[in-house]
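What follows is a single structure, written as structure tokens, with notes after it.
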Amino acid sequence: MPGVPRMGRDRPRHPDTRKGEDDMALEMRDRCERCETAALPADGPARICSYECTFCVPCGEAMRDVCPNCGGELVARPRRAAAS
Ligand SMILES: [Zn+2]
Ligand SMILES: [Zn+2]
């Protein structure tokens, strides 16, 4: 048992430290936020809410097209198709 005191060198601990690890910030999402495994290419089908929470179609259907994050309606994400 090391008896070395670390007085004054302890980092302050905040009760909400976990939130600092939550990096689910605004990004262009190419994966479903729910299952985190389904790839969502820009030209593929997806569901998105007004806050840009993005989900795959099966998850959207499973959640009855209601966003679990904000409670908003999930709609079909417009596909970003290349000029034809
Ligand atoms: Zn999904
Ligand atoms: Zn949402």
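The values are calculated or read from the model by the stated rules, or taken from the named source; none is laboratory data. This one's a predicted model, so the numbers in the text were calculated from it and none came from an experiment. Cβ coordinates were reconstructed from backbone atoms using ideal geometry, including for glycine residues, and neighbour counts include every protein chain displayed.
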**Prompt:** When the range 63-84 is examined, which residues are found to be in contact with a Lys or Arg (Cβ under 9 Å, 6 or more places away or on another chain) and in contact (Cβ under 8 Å) with a residue 24 or more places away in the chain?
**Reply:** 63, 68, 74, 75, 76, 77
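One line per residue, one yes/no per condition, for (1) surrounded by 12 or more Cβ atoms within 10 Å (Cβ to Cβ); (2) of a type in the set (Lys, Arg); (3) more than 15 Å from ligand 1 (Cβ to nearest atom):
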{"residue": "46", "(1), (2), (3)": "yes, no, no"}
{"residue": "49", "(1), (2), (3)": "yes, no, no"}
{"residue": "55", "(1), (2), (3)": "yes, no, no"}
{"residue": "58", "(1), (2), (3)": "yes, no, no"}
{"residue": "64", "(1), (2), (3)": "no, yes, no"}
{"residue": "68", "(1), (2), (3)": "yes, no, no"}
{"residue": "71", "(1), (2), (3)": "no, no, yes"}
{"residue": "78", "(1), (2), (3)": "no, no, yes"}
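If you check 23, 16, which single one turns out to be at pLDDT below 95 and more than 13 Å from the chain's Cα centre (by Cα)?
On inspection, the qualifying residue turns out to be 16.
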